[in-house]
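The values are calculated or read from the model by the stated rules, or taken from the named source; none is laboratory data. Worth saying up front: this structure is predicted, and the values here are computed from it rather than measured. For neighbour counting, all protein chains shown are included, and Cβ atoms are generated from backbone atoms with ideal geometry for every residue, glycine included. Surface accessibility is based on the protein's heavy atoms, side chains included, excluding ligands, DNA and RNA. Shrake-Rupley method; radii C 1.70, N 1.55, O 1.52, S 1.80 Å.
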Amino acid sequence: MFIKSTVLYGLLFLSNSGITLAATVSNTELDRVQVVGKEASPGLGLPQESSAANRLNLSILETPASVESLSKEDIAKKADYSSLSAVTRSTGFASTATPGNGGMAMSVRGFEGHGSVVQLYDGSRLYVGAGAVTFPADTWTLEKVDVLRGPGSVTNGVGAVGGTVNYIPKKPIFSDQQNEINITAGSFGLRRLALGSGGELTSNLAYRLDAVSHKSDGYVDRADEKRDVIAGSLLFIPRDDVEVIVSMNYADVEAAPYFGTPLVGGKIQNNTRTHNYNVEDGLVEYKDIWPRMNVKWRLNENVTLTNDLYYMEAERHWRNVESYNYNPVTGSVDRQDYLEILHDQSQLGNRASVTVDARFLNIGNTVNLGFEVNSIEFEHQNNRPYMGGSTVELGQPDVGQWADGVLSETSKDFSSDTLQYAVFVDDKIAFENNVSVVAGLRQDVIDYKRNDVERSNGEVVSKIKDEYKSTSWRLGVVYQPIDTASVYIQTSRSVDPLQSIITSTKTDLKLAEGEQIEVGVKQSLWQDQLQYSLAFYDIEKKNLLSSAPSGVKHQVGKQASQGVELDVYAKPTEQWDIEFNISLVDVEYKTFKKGDSLENLAGNRPKNIPKITSNLWSGWQVANQWRLGGGARYVAERYSDDENTRKIPSYLIYDASVQWQVRPEMKINLHAKNLSDEKDYALASYGNQWILGDGRSYQISLNYQF
C-alpha cells in the first residue's frame, strides 16, 4: 500500500513552499488572528456556520436549505459512539446499514445508500468503491456533524440527491493545554477508553490529539467488534495572515461479522434472536488512513485563498457466508454465498478556492470560486462465482468454518483508475431590504477506466473506458424580517451515480438526475428558548436503473418524493430542555419496470424507505450536580423489496441517562438503551434476513478533564 506516498509528500513539500513564497511576497499587514474554540450555539444552533450546504461560511439561518448541526455535546449526552447512531438521530435519517456497505448507509427524503447520501470528512469525500464507506469509525474524534437534507451535488459533486453528511473533526486551538479521559464499560462486554489532548505548543503552533479503543462482544453470538482510532493535527501560523493545519487520521476496525437473522414466516423467532448464522471464522475488517493539509491565506480583509490537499487510503476485507434461508420442509437453515472480498483503494485529491467579499451600491456580494481534482485507484479481489453451501439447525446452528463450503480461490478480479475534476462557484448577494440570493453552479467531469482480468493468470480480458459529465446548481432566496428568523425558497439540481462510480460495470448509462423545490422557515424566539425549522420539499429523480435476473439492465425509472420536516428545540424552564424532530415523506415510483418481464412497479414505494421517522430527547437538571435525560427513536415500517411484498416492522426505542457532576472536572454518566427491549428492532434487511439492533443494554462512563 501507500503507492502514492512519494507523490503525496512531494505535493506537501511544493504546497508548503508555495505558502512560504506567498507569505514572503505579500505586503499585507493584518492584526494577528488568534484561533480559539467557539462553543456551539444552544439548541438548533441557527446562528452558527454550517459547511454541508455551501462554501460561503453562511449560518444555518442564512442558508436556503434544510441544515442541521450535531455538536459533540449532543452526541456525547446520548452515548452515540458510531457515526450511524449519531446521524440517525437527526431529522429524517434512518439506517440502511449492512456489513456489505460498510455499516454506514442511510436513507433521507426518500433516497438511500451511498449513491444518494454523500458522506464527507472535513469537507473531503472518499469516492465510493463497490458500495462501501467505512470512515469515520468513531465519534470521539469529532467536533460536530453538519447535515444537509436534500440535493447537495452543487457543493459536493455526484451522488447527493438525498442528502449530505459532513463529519468535522476536533481541531487545535491556542489555549492552555486541556486533557480529557473517558472510560466506559457496559452490557455485551463493552469496554471503551478514549483520550484527548490539545493546546498551545508555542506562540504560533498548537496541537490536537485524540485516540479511542472500543471493544464489544456484541448482542448476538460471535459478533465481536473492535476499533482503534487515532486523530492528530497541528495548527501552524507562520504569520498573521496565513494558517496551516496538517492532520492525520487512522482507523483499524474489526466490525461485527453479523449478516442478519433468517426470517421464519416473515418474522424473527425469539429463540433465534441472538444466534449468528455466519461461520465461526467470519470477518469484516476495515483500515483507513487520511493525511490532509489545509492552508488558508488572507490576502486582505476581503479576499481569502484556501487549499485542501488530502490523501485517503482504504483496505477492506470480508470473508463470510452471507445468505441464510429457512427451509420449512426440513426446519433447517440453508446457507449460501461463501464470499471473500478484498478492496484496496487510494485517492489523492486537491481542492482550491478563493472567497471574495465586496460591496457595490449598498449591495453586498460574497463569492467563492474554485476547482477540485481527485485521482482514485481501486483494486478488487474475490472468490467469485461464490459457489458452495451448507445447512445448519435453526435453533442451535453448528456454523463450521468458512473454508468448509468454498469451491473457488480468491484472486484479483478487476482494477480501475478514475480521474475526477470539477469547477464550482457559490455566490451570495445581500440586498438592503434583508433579502439575499444564494446561488451555486458546479461542473463535474469523471474519466473512468476499468480492467477485468483472467482469474487464473491475471491477464486483462476486457476493458471499460467511460466519461461522465454533470452540471449541478442551486438557486435560493432568503428573507430575514428580523435577525432571528428567515423564510426561504430554493430550487436545485443534483446528480446520482447508478452504480458506484469507480467500480461501474456498464457503460453508456446516463447519470440519474434529481430536481427539487423547497420552501422553509427557521426562527429563534424568546431569547433562544424556542427554536424551530420547518421545511416542505418536492423532489423528482429520473433515469433510475433497473436490473433483471438475467443481468440485463434498463434505465427505465422515475421516482417522486414529497415531504415535510420539523425540528424543534424548547427550553420551558432554566432546568428543562426538549429536542424533537419528525419527518413525513410520501415517496413512490412514477415509472419503474423491473425484471426480464419489465413488470411495471409504478406507484410502489422504494425499498428501505420509512414514511415517518421521529426523534425525541429531553434533559432535566434536577439539582446542581444531577441531570436526567431520556428520549425515543421511531422509524415506521419499510419494505425490503421494490415489489412491496415484504415488510420490515416499525420500531420505537427508548433511551435514558443519568449524569452526576462529581466535581467541575469530573462526571459520571449512566446510560440505558432500548429500555423496552424492542423485539422488532430491525435496522435493515439483507436478503431474507433482518439485521437486528442491540437489545436492552446499560453502560457507565467516567469523564475526567484536567
Rh (Kirkwood, all Cα-Cα pairs) for segment 504-547, Å, reads 14.1
Relative contact order in percent for segment 619-672 (Cα pairs under 8 Å, 6+ apart) equals 32
For GLU459, the accessible surface traced by a 1.4 Å probe with all protein chains present amounts, in square angstrom to the nearest 10, to 110
With all protein chains in place and a 1.4 Å probe, VAL495 shows an accessible area in Å² (nearest 10) of 0
TYR286 neighbourhood, Cβ < 10 Å, K/R = +1, D/E = -1, net charge -2
Residues whose built amide H sits under 5 Å from the amide H of ILE648, excluding neighbours closer than 5 in sequence, are ARG638, TYR639, SER640
proj_area_mean for segment 93-211 (convex hull on C-alpha atoms), units nm², value 9.3
With DSSP loop assignment and no more than 13 other C-beta atoms within 10 Å, the chymotrypsin sites (Phe, Trp or Tyr not before Pro) in segment 383-459 are PHE431
Honestly segment 249-375 on the Cα gyration tensor test (a ≥ b ≥ c root eigenvalues; a/c under 1.5 rounded, otherwise a/b vs b/c for prolate or oblate) is just prolate
Here the Cα Rg-to-2.2 N^0.38 Å ratio for segment 442-585 is 1.57
Distance in Å, no decimals, from the C-alpha centre of segment 252-303 to the one of segment 378-452 is 14
Taking the square root of 5λ for each eigenvalue of the C-alpha gyration tensor of segment 123-184, the equivalent ellipsoid has semi-axes, largest first and in whole angstrom, of 29, 15, 10
Kirkwood Rh over alpha-carbon pairs of segment 208-291 plugged into Stokes-Einstein at 25 °C, 0.890 mPa s gives a D in µm²/s of 153
The long-range amide H neighbours of ARG222, using H built 1.01 Å from N in the peptide plane and a cut-off of under 5 Å, are none
Taking only C-alpha positions in the chain, Rg and Dmax in angstrom work out to 25.2, 83
extent check for segment 543-642: Cα max minus min per principal axis, descending, whole Å, gives 67, 23, 18
Sorted list, accessible surface of protein heavy atoms, 1.4 Å probe, largest first, for ILE668, ILE539, ILE489 is ILE489, ILE668, ILE539
So for segment 148-193, using the alpha carbon gyration tensor with a ≥ b ≥ c as root eigenvalues (a/c under 1.5 gives rounded; past that, a/b versus b/c decides prolate or oblate), I'd call it oblate
For segment 379-420, the dipole about the Cα centre with charges only on Cβ (Lys and Arg +1, Asp and Glu -1), to the nearest 20 debye, works out at 100
Taking only the alpha-carbon positions of segment 289-347 as identical scatterers, the Debye log10 I(q)/I(0) at q = 0.15, 0.16, 0.21 Å⁻¹ comes out as -0.69, -0.73, -0.87
Using eta = 0.692 mPa s and T = 37 °C, Stokes-Einstein with Kirkwood Rh from Cα pairs puts D for segment 562-706, in µm² s⁻¹, at 181
Per its Cα gyration tensor (rounded if a/c is under 1.5, else prolate when a/b beats b/c, else oblate), segment 323-424 is best filed as prolate
Rounded to the nearest 10, the angle in degrees between the Cα long axis of helix 5-25 and the longest principal axis of the Cα atoms of the chain comes to 10
Relative contact order of the chain (C-alpha contacts under 8 Å, at least 6 apart) in percent is 12
Using a 1.4 Å probe on heavy atoms of the protein chains only, the accessible area for TRP626 in Å², nearest 10, reads 100
Relative contact order of segment 490-596 (C-alpha contacts under 8 Å, at least 6 apart) in percent is 22
Taking the convex hull of the alpha-carbon atoms of segment 369-454 and averaging its shadow over every direction gives an area in square nanometres of 12.3
